[in-house]
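Heads up, the thing below is written out as structure tokens.
The values are calculated or read from the model by the stated rules, or taken from the named source; none is laboratory data. Keep in mind that what you see is a predicted model, and the values were worked out from it rather than measured. Glycine gets a Cβ as well: all are built from the backbone with ideal geometry, and neighbour counts include every protein chain shown. The accessibility values were calculated without ligands, DNA or RNA, using every heavy atom of the protein model including side chains. Shrake-Rupley method; radii C 1.70, N 1.55, O 1.52, S 1.80 Å.
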Amino acid sequence: MNIVIKLPNDLNERILTFPFLHTLEKYLKSKLVEDEILNIHLVSLRDGLDVLNLLPFKAFYHELEKEDLRTVFSIHRACMNFKIDKVDCFISTTNSFVDASIGKNISALKRIGFAHGKNTWLLTDKVSKLSGRH
């Protein structure tokens, strides 16, 4: 099972996703069938990428540059360099339309993200974001 998660661009928000990532990893490991391997791919900006080593599980890290997040076309070029095969699920932790398009670019079967503006066009499962909370 291949899971791709786009982390927030801000370093503080990225650190705030650690409890979510840890809980998700534990849940997915408990749901695996025999001989199935869980591969978690974390997509993040290159700045502050070293904080991901604090996570208590093994994951693949994919770096993005700030220029890659400017348009849908620039993120498409970056996604083709990820080299991830058969993505089962993509999760976006931001409101960005460009970030939501990553799931479409890597041909994820299930694309989960926040129901915000045009993101609903690209996502298969939409989540409403609570206001005032991280």
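Scanning region 30-59 for residues that are modelled with pLDDT of 90 or more and part of a helix (DSSP H, G or I) returns a single hit, Ser30.
Residues of region 84-134 being in contact with a strand residue (DSSP E or B) (Cβ under 9 Å, 6 or more places away or on another chain), open to solvent by 20 Å² or more (accessible area, probe 1.4 Å) and charged (D, E, K, R), which ones? Correct list: Asp85, Lys86, Asp88, Lys104, Lys110, Arg111, Asp125, Lys126, Lys129.
Selection of region 38-91 for residues being in contact (Cβ under 8 Å) with a residue 60 or more places away in the chain, under 21 Å from Leu123 (Cβ atoms) and among the acidic types (Asp, Glu) yields only Asp88.
Residues that are part of a loop (DSSP other than H, G, I, E, B) and under 21 Å from Lys104 (Cα atoms) within region 1-29 comprise Met1, Leu7, Pro8, Asn9, listed in sequence order.
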